[in-house]
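K.L.:
One structure is given below, represented as structure tokens, and several questions about it will come after.
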Amino acid sequence: MIFKNSNTKLIISILTTILSSIISVSCFGQIFDSEQNPLSVKWKKIYTNGFSIIYPTELENDAQRMANTINKIYPFVGQSLGRQKTTIPIVLQNRGTVANGFVQLAPKKSQFYTTPPQQFDSQDWLNNLAVHELRHVAQFDKITGSEKLFLTEEIYFAYMGITVPTWFFEGDAVSTETSLTNAGRGRQPSWIMPFRTSLLSSKNFSYSKAYFGSNKGQTPGYYQLGYLMSSDLRKNYGKGIMDSLLSDIHDKPIRLYPFSRSLKNYTGKNTKDYYLKTAAQIKSDWQKQDDQNKSENYLSLNRPAKYASNYYLPTEISTTQILALKQTKGDVAGFVLVNPDKSEERLFKIAYQEQPWFSYGDGKIVWDEIRYDPRYKQRSYSVICIYDFATKTKKQLTFKSRYFSPALSGDGKKLIAVQIDLRNKSNLIVLDTQSGKILETIPNPENLILQTPSLNANGSKITWISVSEKGKALWLSENGKSTKLIAETNQQLSRPMFLNQNIAFNAHLSGVDNVYEVLVADKKIVVLTAAKFGAFNPNLSIDGKSILFNNYQLMGYEIAKTPVDPKPVQENHFVYFGEAAEKQENSRNVFDKIPNENYDSKPYKPLAHLFNFHSISLSTDDDDKLNLQLKSNDLLNTFDFYTGIGYDDELRKIEYNAGFAYKALYPVLSATFKNRPRLGYYRQGTVINKAEWRENYLKIKASIPVSFSAYNHNYSFVGEVGTSYTQRNFEAKEALLFNKNINFPMTYQFGFSHSVRAAERDVAPKWAQTVTFSYFNQPFDKSLNGDLFAFESNFYFPGIAKSHSFTAGFNYQKTSGTLNFNNEINTVYGYNQITAKSLLRNTLLLNYRFPIAFPDLEIGSLAYIRNFRGGFFSHYENIGSETNLSQPKTFGLELRSSMNLLRYQPIVDLGARLVFVNQIYNQNPILEFTFNYSF
């Protein structure tokens with residue numbers, strides 16, 4: 001048998017990219033991006049005390065506020081790590097509609113996505129980003145040991161990824177945001193709810209499962225895991241423990257499992273043991289809380305789930321059917337109707353949302369979806385869609401809009417939503433339900449952040465949540481007059497809904513999230529549910545006597561129903577794990593008394609800042625040569641540049657290279673230059689001679705990558721045109737035998753793909769198509785002739801069972817002249833190990849893949865196995881001349897597994913494939929191994 005390793009670049013690739021998994025405050029699990037804004041964005045810059053704030057001109061007010069804020073709070077944020085000053089650019093991004101933020105190296109910068117989410121903390125969104133992201137800056141500076149990194153950022157970035165677990169970075173940052181403010185996620189029961197639910201349900205997680213997650217069950221998430229462990233460390237070992245751990249990692253860089261060893265130095269326990277100790281303690285604390293609470297059990301109205309499933313926002317649309325937005329590990333989000341016998345009728349799937357949301361009124365559903373700009377992915381929109389049960393049709397109501405949380409009145413005649421413009425100003429708007437046009441804008445003079453509005457049955461009343469640095473408040477508007485029913489509080493008020501004359505809402509007044517009601521007449525608050533783990537999203541039943549709501553259980557958000565029976569609010573027994581850290585910081589709210597200084601701002605010209613050198617690091621190229629390169633990336637992701645040297649180990653000679661990609665224009669322009677050694681052979685009579693030469697090779701390419709989505713369908717197009725020029729420097733004896741120049745051979749490519757959203761457990765898209773056309777010719781070089789046309793395709797179909805996939809790919813190429821021996825299409829498995837009988841002309845590749853098991857298996861510190869997947873294949877080559885449908889060239893089976901190795905964040909895909917070869921080739925079976933990774 002023959003061994004084949006399909007990825008020789010793995011180690012260096014991991015070292016240079018592993019820490020890209022460190023993201024920060026995020027409503028969407030997004031790795032730091034490399035996308036661009038449209039050219040129409042005009043930029044400005046404020047410099048103050050080491051911080052360069054780069055921002056679109058519309059954000060002048062927020063940029064000035066952030067300049068004051070960051071200057072004031074950074075000494076508090078970095079104090080427990082001994083960091084008082086730093087140097088970092090901060091880019092404010094306002095074109096997107098997905099809330100996020102991150103800090104990175106290579107290049108060193110932070111990005112704040114300024115559009116606030118519709119469900120988050122009880123404080124100003126940018127303030128929350130500032131305190132959380134600046135803690136990451138302090139962490140990075142502590143590990144690197146200096147504020148200025150000279151051409152070593154990529155190395156440090158990789159080093160941090162293999163020494164410190166992501167949960168520590170994020171848990172420490174959440175602990176800091178909670179300790180230094182009146183808000184923070186550490187004060188939110190709903191944020192930590194999955195962990196509490198699991199432990200109190202006697203569902204204990206291994207350390208790896210708690211950290212890395214699961215393809216079948218609900219897990220706490222590494223933010224939550226990190227917060228609990230960081231809080232416990234602060235409680236038991238004091239304010240300086242985080243500084244001590246990072247200092248030890250900095251001082252002792254070359255160790256296996258460095259964080260775990262440092263942790264053991266200070267606590268006597270390695271990472272896994274400390275997790276088990278922390279889990280036992282928090283379970284005990286939560287058990288005491290549960291004993292003090294008076295909770296009720298609620299009958300689940302949905303069918304039992306085999307794996308994690310959520311039935312969001314249950315709404316009674318008739319006395320026999322409940323509408324819900326369902327999302328599971330095995331299905332993407334879509335609407336379902338739940339019947340009294342718990343059977344379900346699927347309606348349709350939808351696209352990604354900023355948060356699960358829809359509203360129902362008189363036979364219509366409205367919801368919002370995210371749409372990205374086809375080319376400039378930093379720009380996205382939140383559009384409103386509508387579905388009519390009577391006509392069974394859906395349509396996109398608004399286009400290129402920034403509207404969130406649309407809500408219908410009970411009679412379906414009025415539609416309201418939150419609008420957030422490019423200045424970050426929030427407004428409530430009333431929209432026409434037929435055209436989507438704005439009919440009315442409701443004033444918001446204080447520019448509060450507005451969330452989740454709701455209308456009463458006839459649309460005469462509006463209720464909503466506002467957010468500011470003072471906290472969250474609940475409002476009522478009637479007859480043009482706005483009344484604050486609940487004053488600013490750090491309660492997680494969310495999704496108010498009318499219950500006849502009063503308003504129900506989500507909050508955690510008793511230390512566990514439940515459904516409450518505010519009596520409009522006297523502003524008194526009563527409780528409507530007493531869920532053990534959490535209750536959310538109330539909706540009034542058709543008869544007006546009960547509410548439907550989400551009751552959180554071990555497998556997710558279930559559907560429950562209870563009579564409207566107001567009761568007094570229970571005593572608050574919330575377990576606040578961040579109490580010790582807050583006392584240690586002793587800073588109260590760092591956002592108190594922020595200065596209001598006016599900083600000088602200047603235009604920021606992207607073209608003047610294209611070069612931003614940050615690293616000298618090792619990498620490999622397409623030919624697997626090792627390169628040492630000087631790298632530059634500008635702060636707006638528009639220009640990438642590198643230059644360096646490589647070593648050709650076969651020829652034992654040096655290569656010099658450089659390249660760039662300019663991505664600000666609609667087409668992406670790129671160029672690569674190489675001065676490289678080459679080797680060739682030629683025949684003189686009966687003698688085979690070797691020729692060695694150096695050549696200058698220049699390749700240039702223009703490409704237009706375009707993609708967009710519509711509901712749960714994704715489409716992409718790519719068009720490319722490229723050429724190259726080669727100048728060869730031969731010895732005199734070979735100069736007459738070879739062409740000295742290769743003058744501008746041309747390449748053209750066009751590709752199209754379509755797919756539907758895939759679920760977490762799917763091994764491949766259930767329904768997708770990809771088609772690519774390529775053409776190569778040499779119109780400018782009379783000494784060369786020949787061309788190549790290639791067609792590649794893949795068609796994905798659902799398999800015979802859930803999450804199975806069948807793929808059929810037909811590929812064809814026609815070659816001539818000097819390109820006669822080129823291969824530009826997908827080949828059969830084992831192709832490189834089989835002696836060819838003729839030139840490659842076509843292939844038909846049939847693959848069937850399926851999941852086998854999702855074991856969530858922890859094998860000590862070696863590996864955490866997430867799943868096992870199998871597959872069968874039958875591949876044909878040169879159909880009609882070498883093979884036919886009854887005799888494939890190769891066939892066989894494969895076994896693959898996704899896992900986390902050595903407790904590192906990247907998901908490694910390990911596989912083995914047994915390839916049997918058609919007997920006419922007289923070839924032994926081939927054993928191939930694959931090794932890939934992803935974040």
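K.L.:
Mind pulling up the Rg/Rh value for the range 403-490? Radius of gyration and Kirkwood radius, both on Cα. Could the numbers behind the result be given before it?
P.N.:
Numbers: Rg = 12.6 Å, Rh = 13.2 Å.
Reported Rg/Rh, Kirkwood definition of Rh: 0.96.
K.L.:
Okay, next question. Using 5 Å bins from zero, what percent of all Cα-Cα pairs in the range 694-826 falls into each bin?
P.N.:
Whole-percent P(r) values from 0 Å outward: 2, 9, 14, 15, 15, 11, 10, 8, 6, 5, 3, 2, 1, 0.
K.L.:
Which FRET efficiency, nearest 0.05, do Lys470 and Tyr647 yield, Cβ-Cβ r, R0 60 Å? Working shown, then result.
P.N.:
Values: r = 61 Å, r/R0 = 1.02.
Rounded to the nearest 0.05, the efficiency is 0.45.
K.L.:
When only C-alpha pairs under 8 Å and at least 6 residues apart count, what is the relative contact order of the range 309-562, in percent?
P.N.:
Working: 666 pairs, mean separation 33.1, N = 254.
Taking the mean separation of contacting Cα pairs over the length of the range 309-562, I get 13 percent.
K.L.:
Compute the relative contact order of the range 697-829 as a whole-number percentage, counting only Cα pairs closer than 8 Å that sit 6 or more residues apart in sequence.
P.N.:
Working: 307 pairs, mean separation 23.2, N = 133.
Worked out over the range 697-829, it gives 17 percent.
K.L.:
Let me ask something else about it. Looking only at Cα atoms, what is the convex hull volume of the range 169-241 per residue, in Å³? Provide the component values of the computation, followed by the final result.
P.N.:
On the way: hull volume 7.2 nm³, N = 73.
Hull volume normalised by residue count: 98 Å³.
K.L.:
In the calculated pair distance distribution of the range 309-562, what percentage of Cα-Cα distances lie above 28 Å? Don't jump to the answer; show the numbers that get you there.
P.N.:
Details: 9766 of 32131 pairs.
The answer is 30 percent, as a whole percent.
K.L.:
On C-alpha positions alone, give me the angle between the axis of helix 271-292 and the longest principal axis of the chain, in degrees, nearest 10.
P.N.:
So the helix axis and the longest Cα principal axis differ by about 20 degrees.
K.L.:
What translational diffusion coefficient, in µm²/s and rounded to a whole number, does the Stokes-Einstein relation yield for the range 536-676 at 4 °C and a viscosity of 1.567 mPa s, taking the hydrodynamic radius as the Kirkwood radius over Cα pairs?
P.N.:
Translational diffusion coefficient: 56 µm²/s.
K.L.:
Going Cα to Cα from Lys782, which lysines come in below 19 Å? Please leave out same-chain ones fewer than 8 positions away.
P.N.:
Leaving aside lysines fewer than 8 places away in the same chain, those within reach of Lys782 are Lys740.
K.L.:
On average over all directions, what projected area in square nanometres does the range 833-935 have, based on the convex hull of its Cα atoms? Working shown, then result.
P.N.:
Numbers: hull surface 31.4 nm².
Mean projected area of the Cα convex hull: 7.9 nm².
K.L.:
If one computes the Cα centroid of the range 625-650 and of the range 675-694, what distance in Å separates the two points?
P.N.:
The range 625-650 and the range 675-694 have Cα centres separated by 29 Å.
K.L.:
Next up: Can I get the semi-axes of the range 276-387's equivalent ellipsoid? Compute them from the C-alpha gyration tensor as square roots of 5 times the eigenvalues, in angstrom, largest first.
P.N.:
Value: 32, 24, 13 Å, ordered largest first.
K.L.:
At 222 nm, what value in deg cm²/dmol follows for the chain if DSSP H runs of at least 4 each add -39500 (n - 2.57) and the sum is divided by all its residues, to the nearest 500?
P.N.:
On the way: 13 runs with 159 residues, N = 935.
Value at 222 nm, helices only, nearest 500: -5500 deg cm²/dmol.
K.L.:
Taking the Cα centre of the chain as the origin and placing charges on Cβ (Lys, Arg +1; Asp, Glu -1), which of Ser466, Gln584, Thr328 is farthest toward the positive end of the dipole?
P.N.:
Highest projection toward the positive end goes to Thr328.
K.L.:
Hey, another quick one. Just the Cα atoms of the range 413-565: what Rg and Dmax do they give in Å?
P.N.:
15.8, 44
K.L.:
Can you run phi through the Karplus equation (6.51, -1.76, 1.60; θ = phi - 60°) for the range 616-630 and list ³J(HN,Hα) in whole Hz, with x for Gly and Pro?
P.N.:
With the stated coefficients, the range 616-630 comes to 10, 8, 8, 7, 10, 9, 5, 9, 6, 7, 7, 10, 10, 10, 8 Hz.
K.L.:
Moving to a separate point now. What area, in nm² and to one decimal, does the C-alpha convex hull of the range 730-769 cast on average over all directions?
P.N.:
On the way: hull surface 25.6 nm².
The Cα convex hull of the range 730-769, projected and averaged over all directions, gives 6.4 nm².
K.L.:
Shifting gears a bit: Taking amide H atoms as placed 1.01 Å from N in the peptide plane, list the residues 5 or more away in sequence, or in a different chain, whose amide H sits under 5 Å from that of Ile852.
P.N.:
Excluding prolines and chain starts, which carry no amide H, the hits are Phe868, Arg869, Gly870.
K.L.:
Express the Stokes-Einstein translational diffusion coefficient of the range 239-278 in µm² s⁻¹, to the nearest whole number, given a Kirkwood radius over alpha-carbon pairs, 25 °C and a viscosity of 0.890 mPa s.
P.N.:
240
K.L.:
What is the order of Thr181, Thr115, fewest Cβ neighbours within 10 Å to most? Walk me through the intermediate numbers first.
P.N.:
Values: Thr181 27, Thr115 24.
The most exposed by this proxy come first: Thr115, Thr181.
K.L.:
Quick one: in the range 363-450, what % of C-alpha pairs are over 15 Å apart?
P.N.:
Working: 2264 of 3828 pairs.
In whole percent, the long-distance tail amounts to 59.
K.L.:
A further question on this structure: What percent do you get for the relative contact order of the chain when only Cα pairs under 8 Å and 6+ apart count? The partial results should precede the final answer.
P.N.:
Details: 2344 pairs, mean separation 102.8, N = 935.
Over the chain, the number comes to 11 percent.
K.L.:
Dividing the convex hull volume of the Cα atoms of the range 87-222 by its residue count, what figure in Å³ per residue is obtained? The partial results should precede the final answer.
P.N.:
Working: hull volume 18.6 nm³, N = 136.
Output value, Cα hull per residue: 137 Å³.
K.L.:
Taking neighbour Cβ counts within 10 Å as the exposure measure, how do Trp367, Trp693 sort from fewest upward?
P.N.:
Ranked by crowding around the Cβ, least crowded first: Trp693, Trp367.
K.L.:
With the cut-off at 31 Å, tell me which of the pairs Lys329/Lys377; Lys395/Lys484; Lys283/Lys593; Lys605/Lys625; Lys342/Lys472 have Cα atoms farther apart than that.
P.N.:
Numbers: Lys329/Lys377 27 Å; Lys395/Lys484 35 Å; Lys283/Lys593 39 Å; Lys605/Lys625 36 Å; Lys342/Lys472 37 Å.
From the list (Lys329/Lys377; Lys395/Lys484; Lys283/Lys593; Lys605/Lys625; Lys342/Lys472), the Cα-Cα distance tops 31 Å for Lys395/Lys484; Lys283/Lys593; Lys605/Lys625; Lys342/Lys472.
K.L.:
Now, a different point. Most exposed first by the Cβ proxy, i.e. fewest other Cβ within 10 Å, how do Val721, Val137 rank? Intermediate results must be reported in sequence, preceding the final value.
P.N.:
On the way: Val721 16, Val137 25.
Ascending number of Cβ neighbours within 10 Å: Val721, Val137.
K.L.:
If you wrap the chain's Cα atoms in a convex hull and average its projection over all directions, what's the area in nm²? Please report the intermediate quantities before stating the final value.
P.N.:
Numbers: hull surface 164.9 nm².
For the Cα atoms of the chain, the hull's average projected area reads 41.2 nm².
Values quoted throughout were computed directly from the atomic coordinates according to the rules given, and no laboratory measurement underlies them. Keep in mind it's a predicted model, so treat the numbers as computed, not measured. For neighbour counting, all protein chains shown are included, and Cβ atoms are generated from backbone atoms with ideal geometry for every residue, glycine included.
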